[in-house]
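Data first, discussion second: the structure below is written as structure tokens.
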Amino acid sequence: MLREIFAPVCAGCGGACEGRLPVCSDCQKGLSGYGHFCENCGFPLKVHAKVCGQCLSGAGWDRIYIDYKYTGALRNLLVQIKFGYRIAGAGKLGELVRADFLQKYDIITDVPSHFTRRFRRLAHPAHSLAEFIAAKTSGRYEKVLVRNRKTEYQYKLRRRMRALNVKGAFLCDRDLSGLKILLVDDIITTGATVKECCRVLKKANAERVDVYVLSGGHV
Ligand SMILES: [Zn+2]
Ligand SMILES: [Zn+2]
């Protein structure tokens with residue numbers, strides 16, 4: 001009886017989901033990635049381009065990897081994690097990461113939790129993802145960014161206010177000279193938070209800052 005109640009259910013189709021994946025294998029196969037990218041920074045685009053608006057506006061990252069579109073089963077799953085319904089799913093999110101293309105980094109880190117969470121929750125998907133990637137690539141997870149001040153939740157703000165809201169919101173109190181950093185988050189929308197994090201990491205002298213995001217809510 002209890003087993004029935006607590007048996008893992010796929011966030012995409014409601015079917016059984018017993019394996020290591022946070023959604024069933026059919027729903028995993030249905031997740032869609034992107035077909036066109038910026039040649040310079042890797043940002044997904046509607047059509048292929050040599051440079052993109054992100055590069056031109058000083059995105060701060062050297063390279064960005066956005067794995068899947070924020071739709072279907074993945075969207076359902078992330079929403080449920082954010083509402084705290086699926087804490088176990090957060091720990092399994094890493095199984096969806098296609099990390100084979102990621103190079104070796106000195107430090108793998110995440111966007112501080114307050115800035116990514118939309119609702120009060122126990123799970124911090126960006127942290128789970130960062131730890132998973134660290135293990136998978138034999139890298140080291142380390143927390144390098146801390147909150148500098150309290151900010152308004154990003155989702156409450158209009159697009160142009162989001163950059164202002166996060167400006168100066170993070171601190172990195174160590175020198176990252178000579179280090180290649182991978183910054184990890186679970187979802188990107190306007191990119192304001194990630195860009196500000198990159199800016200702070202570069203200011204701390206990071207040699208290279210790449211970004212991995214599980215899902216893109218922008219295209
Ligand atoms: Zn499913
Ligand atoms: Zn670009």
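From (1) surrounded by fewer than 18 Cβ atoms within 10 Å (Cβ to Cβ); (2) over 30 Å from residue 178 (Cα atoms); (3) away from ligand 2 (no atom under 16 Å from the Cβ), pick out the condition that doesn't hold for residue 106.
Status for residue 106: all satisfied but (2).
Could you give me the residue pairs with C-beta distances under 6 Å whose first residue belongs to the stretch 9-31 and is under 16 Å from residue 71 (Cβ atoms), whose second residue is surrounded by 15 or more Cβ atoms within 10 Å (Cβ to Cβ) and β-branched (Val, Ile, Thr) wherever it lies, and which are 6+ apart or on separate chains?
10/23; 11/23; 12/23
Restricting the search to the stretch 34-48, which residues are surrounded by 11 or more Cβ atoms within 10 Å (Cβ to Cβ) and in contact (Cβ under 8 Å) with a residue 60 or more places away in the chain?
Selection gives 34, 44, 45.
Can you say whether residue 11 is part of a loop (DSSP other than H, G, I, E, B), more than 20 Å from residue 132 (Cα to Cα), touching a helix residue (DSSP H, G or I) at 6+ places or on another chain (Cβ under 7 Å) and within 11 Å of ligand 1 (Cβ to nearest atom), as far as the supplied structure shows?
Against the criterion (part of a loop (DSSP other than H, G, I, E, B), more than 20 Å from residue 132 (Cα to Cα), touching a helix residue (DSSP H, G or I) at 6+ places or on another chain (Cβ under 7 Å) and within 11 Å of ligand 1 (Cβ to nearest atom)), residue 11 qualifies.
Would you pick out the residues in the stretch 17-33 that are surrounded by 21 or more Cβ atoms within 10 Å (Cβ to Cβ) and either near ligand 2 (Cβ under 10 Å from one of its atoms) or not in a loop (DSSP other than H, G, I, E, B) (or both)?
Answer for the stretch 17-33, where residues must be surrounded by 21 or more Cβ atoms within 10 Å (Cβ to Cβ) and either near ligand 2 (Cβ under 10 Å from one of its atoms) or not in a loop (DSSP other than H, G, I, E, B) (or both): just 27.
Does residue 88 count as in a loop (DSSP other than H, G, I, E, B), among the aliphatic types (A, V, I, L, M) and modelled with pLDDT under 90?
Spelling it out, it is not the case that residue 88 is in a loop (DSSP other than H, G, I, E, B), among the aliphatic types (A, V, I, L, M) and modelled with pLDDT under 90.
Can you tell me which residue in the stretch 27-60 is farthest from ligand 1 (Cβ to nearest atom), limited to those that are under 23 Å from the mean Cα position of the chain (by Cα) and of a type in the set (D, E, K, R)?
Per the stated criteria, the residue is 39.
The values are calculated or read from the model by the stated rules, or taken from the named source; none is laboratory data. In this text, all values refer to a predicted model and were calculated from it rather than measured experimentally. We place every Cβ from the backbone using ideal geometry, glycine too, and count neighbours over all the protein chains shown.
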